[in-house]
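Quick notes on the structure that follows.
The values are calculated or read from the model by the stated rules, or taken from the named source; none is laboratory data. Every value quoted in this text rests on a predicted model; they were computed, and no experiment measured them. Don't worry about glycine lacking a Cβ; one is built from the backbone with ideal geometry, like all the others, and counts go over all protein chains shown. Areas reflect the complete protein model, heavy atoms only, side chains present, ligands, DNA and RNA absent. Shrake-Rupley method; radii C 1.70, N 1.55, O 1.52, S 1.80 Å.
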Amino acid sequence: MAVLVALGAFLMTLAGGWTAQRVTDRRHLVLGLAGGLMLGVVGLDLLPEALEAAGAEVFGVPAALLLFVAGFLLAHLMEHLLAGRTAAHGAGEHGHRVPEVGLTAAAAMVGHSAMDGVAIGAAFQVGGGMGTAVALAVVAHDFADGFNTYTITSLYGNDRRKALTMLFADAVAPVAGAASTAFVTIPEQLLGGYLGLFGGALLYLAAAEILPEAHHAHPARSTLLCTVAGTAFIWLVVGLAS
């Protein structure tokens, strides 16, 4: 049952990527929406789950928050290291955009989607009602995952083939994650730490890259509305799933 539900996540992820691909003539709106979706996922979904799951504190601070900050700094450091290496080799065709950063970020999205599949499988092990609630939440926000995966990969100068490859990997990941629960159980605290780390990295991409790029060439009210709409959509998904 968990794998069948994960197939719904597979289709929703592809639908999100297809939508991002089809509206390239409104790139600023796509980026504004992607930034809002990422902000909503981090603030309203990932971070609350991380705080609840990780539990433990380190020197008076929740471990999930420390990993959240570490994820933000790690994404910042990785981008600058890759940018420096690319500049040293004379590869400046994408300006300050480094294709490897986009691929790494998309790979992190794939990892997160795999964990979504694990969450579906684990919830169905607890009970049918719990499994259904988690599945609805995952399937709904996998549209945003597919949208963001394609957008991030493309934003950093990767060609369409690579963007579609990462999109397909992101779509397959929940199915693989759900299937894995028949053999592997991930400790709750480890899952919470992962969510904190991933949330920090995702927030960096949204705040330092996606949203500035969206508002740079087109500082229009419509772009801002797309950002707000993306955040509101995640709020709606979280509210319906709770």
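If Val58 satisfies every condition in (1) free of Cβ contacts under 8 Å to residues at least 24 places away in the same chain; (2) within 28 Å of Ala179 (Cβ to Cβ) but one, which is the exception?
The single condition Val58 does not satisfy is (2).
Please specify each residue of the stretch 28-47 satisfying the condition of being open to solvent by 10 Å² or more (accessible area, probe 1.4 Å) and either out of contact with any Ser or Thr (no Cβ under 9 Å at 6 or more places or on another chain) or not in a helix (DSSP H, G or I) (or both).
Answer for the stretch 28-47, where residues must be open to solvent by 10 Å² or more (accessible area, probe 1.4 Å) and either out of contact with any Ser or Thr (no Cβ under 9 Å at 6 or more places or on another chain) or not in a helix (DSSP H, G or I) (or both): Asp45, Leu47.
This table checks each residue for (1) within 24 Å of Val101 (Cβ to Cβ); (2) modelled with pLDDT of 80 or more.
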site: Thr165; (1), (2): yes, yes
site: Phe168; (1), (2): yes, yes
site: Ser180; (1), (2): no, yes
site: Gly199; (1), (2): yes, yes
site: Ala206; (1), (2): yes, yes
site: His216; (1), (2): yes, no
site: Ala220; (1), (2): no, no
site: Val237; (1), (2): no, no
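Among the residues of the stretch 6-14, is any assigned to a helix (DSSP H, G or I), among the polar types (S, T, N, Q), at negative phi and more than 14 Å from the chain's Cα centre (by Cα)?
Residues of the stretch 6-14 assigned to a helix (DSSP H, G or I): 6-14.
Imposing the further condition that a residue be among the polar types (S, T, N, Q) reduces the set to 13.
Filter once more, so that each one left must be at negative phi: 13.
Add one more test, that the residue is more than 14 Å from the chain's Cα centre (by Cα), and what stays is none.
No; the residues of the stretch 6-14 include none that is assigned to a helix (DSSP H, G or I), among the polar types (S, T, N, Q), at negative phi and more than 14 Å from the chain's Cα centre (by Cα).
Go through the stretch 197-222 residue by residue and tally those that are more than 28 Å from Leu65 (Cβ to Cβ) and open to solvent by less than 50 Å² (accessible area, probe 1.4 Å).
Result for the stretch 197-222: 1.
Out of curiosity, is Phe124 surrounded by fewer than 24 Cβ atoms within 10 Å (Cβ to Cβ) and at pLDDT 75 or above?
Working: surrounded by fewer than 24 Cβ atoms within 10 Å (Cβ to Cβ): yes; at pLDDT 75 or above: no.
When the stated conditions are applied, Phe124 does not pass them.
Open to solvent by 40 Å² or more (accessible area, probe 1.4 Å) and over 28 Å from Trp18 (Cβ atoms): which single residue out of Leu240, Leu191, Leu225 fits that description? Even if it seems obvious, please write down each step before you answer.
Details: Leu240 fails: over 28 Å from Trp18 (Cβ atoms); Leu225 fails: over 28 Å from Trp18 (Cβ atoms).
Being open to solvent by 40 Å² or more (accessible area, probe 1.4 Å) and over 28 Å from Trp18 (Cβ atoms) holds for just one of Leu240, Leu191, Leu225, which is Leu191.
State all residues of the stretch 141-174 that are charged (D, E, K, R) and over 19 Å from Val41 (Cβ atoms); if no residue qualifies, say none.
Correct list: Asp159, Arg160, Arg161, Lys162.
Can you tell me which residue is nearest to the chain's Cα centre (by Cα) among those in the stretch 141-163 that are closer than 12 Å to Pro99 by Cβ and part of a helix (DSSP H, G or I)?
Only one residue fits best here, namely Ile152.
Would you check if there is a residue in the stretch 166-175 being open to solvent by 60 Å² or more (accessible area, probe 1.4 Å), part of a helix (DSSP H, G or I) and out of contact with any helix residue (DSSP H, G or I) (no Cβ under 6 Å at 6 or more places or on another chain)?
The answer is yes; a qualifying residue exists.
Specify the residue that is most open to solvent (accessible area, probe 1.4 Å); the eligible residues are those in the stretch 48-76 that are under 23 Å from Trp235 (Cα atoms) and touching a strand residue (DSSP E or B) at 6+ places or on another chain (Cβ under 8 Å).
My answer is Leu51.
Please go through the stretch 184-217 and pick out each residue that is closer than 14 Å to Ala114 by Cβ and part of a loop (DSSP other than H, G, I, E, B).
If the condition is that a residue be closer than 14 Å to Ala114 by Cβ and part of a loop (DSSP other than H, G, I, E, B), then Val184, Ile186 are the ones that fit.
From the list Leu74, Leu14, Leu37, which residue is at pLDDT below 85, out of contact with any Lys or Arg (no Cβ under 9 Å at 6 or more places or on another chain) and under 25 Å from Ala169 (Cβ atoms)?
Leu37
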